[in-house]
Amino acid sequence: MKGPREEIVYLPCIYRNTDIQKPDYLATVDVNPQSPNFCKVIHRLPMPNLKDELHHSGWNACSSCYDDPSKRRNRLILPSLISSRIYVVDVGTDPRAPRLHKVHLIEPIDLFWKCGLANPHTSHCLGSGQIMISTMGDPSGNGKGGFVLLDGETFEVIGNWEQPGEAAPFGYDFWYQPRHNVMISTEWGAPKALGNGFNPADVRAGHYGQRLHVWDWTTHKRIQILDLGEEGAIPLEIRFLHNPAAAEGFVGCALQSTVFRFYKTPKGNWAAEKVIHIPGKKVKGWALPEMPGLITDILISLDDRFLYFSNWLHGDIRQYDITDRRNPRMVGQVFLAGSILKDGPVKVLEDKELDSQPAPRIIKGKRVQGGPQMLQLSLDGKRLYVTTSLYSAWDKQFYPDLVKEGSVMMQIDVDTDKGGLKLNENFLVDFGAEPDGPALAHELRYPGGDCTSDIWL
């Protein structure tokens, strides 16, 4: 929280499911208001292959390695959600111009043969110096929620973190809290069900998840399953409170637009309760008669006071005061495009929250396509950055103009006193203007660590 203000941000940019036959790349964006390159992409590092679907990223070392002075946060780990490749990027030699590390690529076959896993997603460094990456599938595209361990120096695949036979039926995100000897993981769905788009029939057929998996951090065994039911369908991003002594946190569930609080009970086991629900809107002119908000990203401020999440379809970002953990209170909201705009094809027939459909968002002459998706908060909590691409296949299905025109990066000013969100009209990074054509920028990372990359011990 006392770190320097962010000056550059790293974002993976995706070309899969666009008409552009170019590799995905890592963009470096200048976010220093005093810089002549403010709001510009100052460097692009293309990957060596096509159609990887870069998605999330993590570090070779972070706050969990605080007691080892030999560790440096100088390698960014880039798992590819679809190709199952894992890239290692050197950001230490020149943070403003990242380059591929000499051991820069872990091939899919290493995951397939050594771990029986595929479709890597979340990467976290461990206090041991190893790197742990969650997976979503097996090599055949079926759901399989396991974990790959990498050597933090050589980046070779060590093997599975979980014990044999312990993998969950689906995987996605995870967060660990060693003081409570626990790790909890979430579920998206089977890669071959979601790989080329979303079909509601796949939810009914059981190809998407609705459970949290509780793991013993020491033995690497699953010790409990928390079934969130239909209200908790597709639990995606999970966040423990940053306080390493805390035995609770929150998870955003996409399909019914709910947030569940999970917590350790007095008996020592774990439980979950719904604490936020965003009502769906009855609509005309859309794929279904009711449109969910679709909560797709969630984060907690470093002081554990505020919770933020994005409604990718409804088009808004919300800020909640979570001082009372069981009763979050909304204190900020801002609309940044989405699927219910007043000049769009969708007509809202019944809305339990709004009196009218929101206006389109135009920044510096650019109409924002898509909806708010990935979030990153400044260390002091005063600036919230947001991008608009979720995942290329779903972008193409729900927001075809986003694929044609490219995503954007925006900045929201945050009132950290009373709460409140306001768009910074002078900030815009337009990935529709990229040299090789419009790109889909996704997750945001600061070189020094941030709210979603670091776990404290």
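The values are calculated or read from the model by the stated rules, or taken from the named source; none is laboratory data. Everything numeric in this text was worked out from a predicted model, so none of it was measured. All Cβ positions, glycine included, derive from the backbone under ideal geometry; neighbour counts span all protein chains shown. Heavy atoms of the whole protein, side chains included, go into the accessibility calculation; ligands, DNA and RNA do not. Shrake-Rupley method; radii C 1.70, N 1.55, O 1.52, S 1.80 Å.
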When you go through G280, G315 one by one, which is the residue that is under 23 Å from L375 (Cα atoms) and open to solvent by 10 Å² or more (accessible area, probe 1.4 Å)?
G280
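Of the residues in the range 121-176, how many are hydrophobic (A, V, I, L, M, F, W, C), in a loop (DSSP other than H, G, I, E, B) and in contact with a helix residue (DSSP H, G or I) (Cβ under 7 Å, 6 or more places away or on another chain)? First the steps, then the outcome.
Quick first cut of the range 121-176, residues hydrophobic (A, V, I, L, M, F, W, C) only: 125-126, 131-133, 136, 147-150, 155, 157-158, 161, 167-168, 170, 174-175.
Keeping just the survivors that are in a loop (DSSP other than H, G, I, E, B) gives 126, 155, 161, 167, 170.
From what's left, in contact with a helix residue (DSSP H, G or I) (Cβ under 7 Å, 6 or more places away or on another chain): 126.
The number of residues fulfilling the criteria is 1.
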Select from the range 64-87 the residues that are touching a strand residue (DSSP E or B) at 6+ places or on another chain (Cβ under 9 Å) and over 17 Å from T135 (Cα atoms) and write down the one among them that is modelled with the lowest pLDDT.
C65
Contact list please: Cβ distance under 9 Å, first residue in the range 322-342 and farther than 28 Å from Y399 by Cβ and without any contact (Cβ under 8 Å) to a residue 60 or more places away in the chain, second residue open to solvent by 20 Å² or more (accessible area, probe 1.4 Å) and among the basic types (K, R), pairs at least six apart or on different chains.
T323/R305; T323/R329
Mind checking which residues of the range 86-106 are surrounded by 13 or more Cβ atoms within 10 Å (Cβ to Cβ) and charged (D, E, K, R)?
D90, R96, R99
Does the range 327-379 hold any residues that are open to solvent by 40 Å² or more (accessible area, probe 1.4 Å) and among the hydroxyl-bearing types (S, T, Y), and which are they?
S356
Please tell me if P279 is outside any strand (DSSP E or B), touching a residue at least 60 places away in the same chain (Cβ under 8 Å) and closer than 24 Å to P400 by Cβ.
no
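Could you pull out the residue among N119, N17 that is crowded, with 19+ Cβ neighbours inside 10 Å and either within 24 Å of G152 (Cα to Cα) or without any contact (Cβ under 8 Å) to a residue 24 or more places away in the chain (or both)? It would help to see each step written out before you state the result.
Details: N17 fails: either within 24 Å of G152 (Cα to Cα) or without any contact (Cβ under 8 Å) to a residue 24 or more places away in the chain (or both).
N119 is the lone residue from the list that is crowded, with 19+ Cβ neighbours inside 10 Å and either within 24 Å of G152 (Cα to Cα) or without any contact (Cβ under 8 Å) to a residue 24 or more places away in the chain (or both).
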Hits in the range 23-50 - residues which are open to solvent by 80 Å² or more (accessible area, probe 1.4 Å) and within 14 Å of A441 (Cα to Cα)
K40, R44
Filter result (closer than 15 Å to D297 by Cβ and open to solvent by 10 Å² or more (accessible area, probe 1.4 Å)) within the range 391-417:
W394
Would you check if I184 is over 20 Å from the mean Cα position of the chain (by Cα), within 20 Å of T135 (Cα to Cα) and either modelled with pLDDT of 95 or more or in a helix (DSSP H, G or I) (or both)?
no
Quick one: in the range 426-445, of everything that is part of a loop (DSSP other than H, G, I, E, B) and within 21 Å of D380 (Cβ to Cβ), which residue is farthest from the chain's Cα centre (by Cα)?
N426
So, in the range 200-224, how many residues would count as being surrounded by 15 or more Cβ atoms within 10 Å (Cβ to Cβ), farther than 22 Å from E273 by Cα and in contact (Cβ under 8 Å) with a residue 60 or more places away in the chain?
1
Which of the following residues is touching a residue at least 12 places away in the same chain (Cβ under 8 Å), touching a Lys or Arg at 6+ places or on another chain (Cβ under 8 Å), closer than 26 Å to L78 by Cβ and surrounded by fewer than 21 Cβ atoms within 10 Å (Cβ to Cβ): G197, G171?
G197
Conditions (1) under 19 Å from the mean Cα position of the chain (by Cα); (2) open to solvent by less than 10 Å² (accessible area, probe 1.4 Å); number of the one not met by Y320:
(2)
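When you scan the range 31-60, how many residues do you find that are in a strand (DSSP E or B) and free of Cβ contacts under 8 Å to residues at least 40 places away in the same chain?
So the first thing to find is which residues in the range 31-60 are in a strand (DSSP E or B), and the list is 41-46, 54, 58-59.
If we keep only those that are free of Cβ contacts under 8 Å to residues at least 40 places away in the same chain as well, we get 46.
Residues that pass the stated criteria total 1.
Do you know which residues across the range 225-251 are outside any helix (DSSP H, G or I), open to solvent by 40 Å² or more (accessible area, probe 1.4 Å) and not aliphatic (A, V, I, L, M)?
D227, N243
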Yes or no: L444 among the aliphatic types (A, V, I, L, M) and open to solvent by 20 Å² or more (accessible area, probe 1.4 Å)?
no
